[in-house]
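What follows is calculated from the coordinates using simple rules that are stated; it is not laboratory data. Quantities reported herein were computed from a predicted structural model and do not represent experimental measurements. Don't worry about glycine lacking a Cβ; one is built from the backbone with ideal geometry, like all the others, and counts go over all protein chains shown.
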Amino acid sequence: MDKTLPNLAAAVAGIPDGATVMIGGFGGSGSPIELIHALIDRFLATGHPVGLTVVNNNAGNGHVGLAALIEAGMVTKMICSFPRSADPVVFTQMYMAGKLELELVPQGTLAERIRAGGAGIPAFYTPTSFGTDLAKGKPVEVFDGRSYVQERWLKADFALIKAHLGDPLGNLTYRMAARNFNPLMCMAAAVTIVQVSEIVPAGAIDPETVITPGIFVQGVVAVPNPAQEEDLNRAGAVYPEVTA
Amino acid sequence: MKLSSTQMAWRAAQDIEDGAYVNLGIGFPEMVAKFQPPGREAIFHTENGILGFGKAPELGAEDWDLINAGKKAVTLKPGTAFFHHADSFAMVRGGHLDVAILGAYEVAETGDLANWSTGPKGVPAVGGAMDLVHGAKRVAVMMDHVTKDGQPKLLQRCSLPLTGVACVTRIYSSLAVVDIVAGHFVLREKLAALSLDALQTMTGATLHLDGPVADLIVPEM
């Protein structure tokens, strides 16, 4: 078995119009910038995909990565917990203009909905959001004298993931806090595509240290020395690069 | 005459026990970490999957895979642990944190908290606030006692959209330390120069007394 993909273009070639796409990361850490940019490249060349629903904790920062995907007009709905950032201008303008739908989800509920989606649990109860506007319309039950809100699983057609090491079987490790939503999203998507800093032979990752087992992964593409969103933004980067 | 945010953070830090697991909200509450009393070491949790992180790195030494919930760079220290987001919020909702200290727009005597939305205008954003108010053994807030134009922020009922119902247990305000007990504000400490009557007029619900009220004393900063 070899889940290695030849390049970024091949990695994102299968994502259709209207797909729900989970994109890993928390802010810039763990964000698969190169996969996102490859998807934008495909859109610029072919006009597809459009009408995407994107699941991420945030909604982009500056004009690279997820913000650039939104700015390109490829996204019609965001499911996230915190659509603010140091430079949220892209999301804010699209949202205020009514061009982008927002489903706001508390961060822990978002994580658990994704986990539940990957674990085959269609709904669960959480104390989070009880009595608030974000619980409106959701069933409430009392357990041991306390009220809990019913939340539904969240699944996706594709997940775009950033990991550290990967092997041809799709086993993954992550680097520090870049782990965040990535392992959960690997589980919750029908097709999980992962960019890794290095593809190592099977057996090179100590089985004790595998964070995402390969069963949750469909494709792995090598992106050595991946960009950090924070570095790109501090350099004033815009994607695609504006050329005269 | 009132405490600065730094002084409120100092006061809040005095109540954190050695070895406590603590989450500090984005913004001013992050300063609490600087004022741990000598001999005590809390273990700080951040929603994005780190337990036991260290202080900010030197400028230029940032590693952007090592950030806190406010997206600010932090550092490793001996004993740091990483984990994914579902485990991180299991720590939150599962009752494993000892203390969460958050900011607040309004707090009600019922313990209701409003700290995520100032109304329907603009882009709504909630982050982890609604999760953090459930599960920590103590949920405390740091806040100015009144708004910029002098209106009370400690109220009978919150007017802004709620973050959580009956969740706050202690308020570190710019004028006082107030506990919430069985649906009442109970005054524990107040600035010595402030009379009880004056404090009551700046508070939107009755301040109850349950034993002596101590002077709220903080260092000059």
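List of remarks:
- For trypsin sites (Lys or Arg not before Pro), the sites in segment B:91-164 that DSSP calls loop and that have at most 16 other Cβ atoms within 10 Å are B:Lys121, B:Lys137, B:Lys148, B:Arg157.
- When the alpha carbon gyration tensor of segment B:1-64 is reduced to an equivalent ellipsoid, the three semi-axes, largest first, read 21, 16, 11 Å.
- Normalised contact order of chain B, rounded percent, pairs of Cα under 8 Å and 6 or more residues apart: 19 percent
- As a length-normalised measure over Cα pairs under 8 Å and 6 or more apart, the relative contact order of segment B:133-221 settles at 28 percent.
- Residues B:Lys71, A:Lys138, sorted so that the one with the fewest Cβ neighbours within 10 Å comes first: A:Lys138, B:Lys71
- Sorting A:Met185, B:Met142, B:Met1, B:Met130 by the number of Cβ atoms found within 10 Å of their own Cβ, with the fewest placed first, yields B:Met1, B:Met142, B:Met130, A:Met185.
- Chain A - share of DSSP beta bridges that are antiparallel (%, nearest 5): 30 percent
- DSSP finds beta bridges in chain B, and of those with both partners inside it, around 45 percent are antiparallel.
- Beta bridges per DSSP with both ends in segment A:14-104, % antiparallel, nearest 5: 10 percent
- Cross-link reach list, aspartates and glutamates versus A:Lys136, counting only Cα pairs under 19 Å and skipping chain neighbours closer than eight places: A:Glu101, A:Glu103, A:Glu112, A:Glu151, B:Asp112, B:Asp131
- All Cα-Cα distances of segment B:128-189, cut into 10 Å bins from zero to the largest, leave 20, 55, 25, 1 percent in each bin in turn.
- Counting beta carbons within 10 Å around each of B:His85, A:His164, A:His48 and listing the fewest first gives the order A:His48, A:His164, B:His85.
- Radius of gyration and Dmax over the Cα atoms of segment B:42-171, both given in Å: 16.3, 48
- Largest first, the extents of the alpha carbon coordinates of segment A:140-244 on the three principal axes equal 61, 44, 26 Å.
- Average beta carbon contacts from partner chains per residue of B:131-138, 10 Å cutoff: 4
- Compactness of chain A, expressed as Rg and Dmax over alpha-carbon positions, Å: 18.0, 65
- Neighbour net charge for B:Arg40 - beta-carbon separation under 9 angstrom, K R +1, D E -1: -3
- Within chain A, the longest run free of exposed loop sites, counting trypsin sites (Lys or Arg not before Pro) that sit outside DSSP helix and strand states (H, G, I, E, B) and have at most 12 other Cβ atoms within 10 Å, spans A:137-244.
- Within the same chain, lysines fewer than 8 places from B:Lys153 are excluded, and of the rest, those with a Cα less than 18 Å from its Cα are B:Lys2, B:Lys190.
- Value at 222 nm in deg cm²/dmol, rounded to 500, when DSSP H runs of n ≥ 4 in the protein assembly as shown each add -39,500 (n - 2.57): -5000 deg cm²/dmol
- Three principal axis extents of chain B based on alpha-carbon atoms, in descending order, are 51, 41, 31 Å.
- Within the shell defined by Cβ-Cβ distances under 11 Å, the residues around A:Gly219 carry a net charge of 0, with Lys and Arg each +1 and Asp and Glu each -1.
- Length-normalised contact order of chain A in % [C-alpha pairs under 8 Å, at least 6 apart]: 24 percent
- Share of alpha-carbon pairs per 10 Å distance bin for segment A:32-167, given as whole %: 11, 36, 32, 16, 4, 0
- Pairwise Cα distances in segment B:161-214 exceed 15 Å for 46 percent of all pairs.
- Dividing the convex hull volume of the alpha-carbon atoms in the protein assembly as shown by its residue count gives 164 Å³ per residue.
- Anchor B:Lys148: aspartates and glutamates whose Cα lies under 17 Å away (excluding residues fewer than 8 positions away in-chain): B:Glu106
- Segment A:114-172 - Kirkwood radius from inverse mean 1/r over Cα pairs (Å): 14.0 Å
- For segment A:145-202, the fraction of C-alpha pairs farther apart than 17 angstrom is 46 percent.
- Neighbour-limited loop hits for GluC sites (Glu not before Pro), segment B:57-149 (at most 11 other Cβ within 10 Å; DSSP other than H, G, I, E, B): B:Glu58
- Gyration tensor over the Cα atoms of segment B:1-119: the corresponding equivalent ellipsoid has semi-axes (square roots of 5 times the eigenvalues, largest first) of 23, 18, 16 Å.
- For B:Thr163, neighbours were defined as the other residues whose beta-carbon sits under 13 Å from its Cβ, and their charges (Lys and Arg +1, Asp and Glu -1) total -4.
- Separation of segment A:171-233 from segment B:31-86 is 23 Å, based on Cα centroids.
- Dmax and Rg, reported as Rg then Dmax, of segment B:101-221 (C-alpha, Å): 14.2, 45
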